[in-house]
1. Based on the mean of other Cβ atoms within 10 Å per residue, sort peptides 121-127, 158-164, 139-145 so the most packed one is first.
2. Which whole-Hz couplings ³J(HN,Hα) result when phi for each residue of segment 146-157 is put into the Karplus expression 6.51 cos²θ - 1.76 cosθ + 1.60, θ = phi - 60°, listed in order with x for Gly and Pro?
3. If the limit is 29 Å between Cα atoms, which of K61/K177; K84/K143; K67/K98; K83/K169; K84/K133 go over it?
4. Going 7 Å from the Cα of Q72 in the Cα-to-Cβ direction, what parts of segment 104-145 have a backbone nitrogen less than 15 Å from that spot?
5. Between T154 and K180, how many nm apart are label points set 7 Å from Cα along the C-beta direction?
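Any read-out appearing in this document is the output of simple, stated calculations on the displayed coordinates, not a laboratory observation. Please read these numbers as outputs of a predicted model, since none were measured by experiment. Cβ sites come from the backbone with ideal geometry, for glycine too, and all protein chains shown count toward neighbours.
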Amino acid sequence: MRIRHAVAATAISLGLLGGLSGIAQAAPEGPAQQETAISQVEAAAGYGGSISRTEVIKRAKNWWDRKVPYSQSAYAWDINKGKKYRTDCSGFVSMTWKLTTSRTTSTLDEVATKISWANLKPGDMILRNGHVKLFEKWANSAKTSAWIYEQGSTATDMDHETVSISSLKSGGYAPWKYKKITG
């Protein structure tokens, strides 16, 4: 909460929030948040806006380095401690894309566009019903395997590993690009 007030104060002093009077009210954290209700503070901090592929991977690596444990009910800070996200697979992808809330595997496609496997780039998601992974890079020049980040399960927590594209396809996964990703 203090962080949000500090961000609001900084944004106000820099003139970023124009017509904001008083202290911005922080949005509630947790499942009750709605993607449609973005606060001026969140907008000033870039939540819900465009994001570069480099920043997406940097944010993913931060959770990997911190070994954030998997949970469908717990929340963890993002890289700059500006927002907390649910620590399951879809919360992880929401965090990397700097969304305003933790989406689910059934709603992530609303902020993304389906792409071909050949067009996968760093920061794209690999989604199936019930699970999602984040594409980091190709593991070989033939583009038959990829490095991914994911919040796997309570048994594995954060994963950073190579997977074959054929196993992803046979597992029902499809590649998607965040609509506001740049680069």
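1. 121-127, 158-164, 139-145
2. Those phi angles translate into 9, 8, 10, 10, 7, 8, x, 5, 5, 6, 10, 6 Hz.
3. Working: K61/K177 19 Å; K84/K143 34 Å; K67/K98 19 Å; K83/K169 33 Å; K84/K133 19 Å.
Flagged as over cut-off: K84/K143; K83/K169.
4. 104-107, 129-132
5. 3.3 nm
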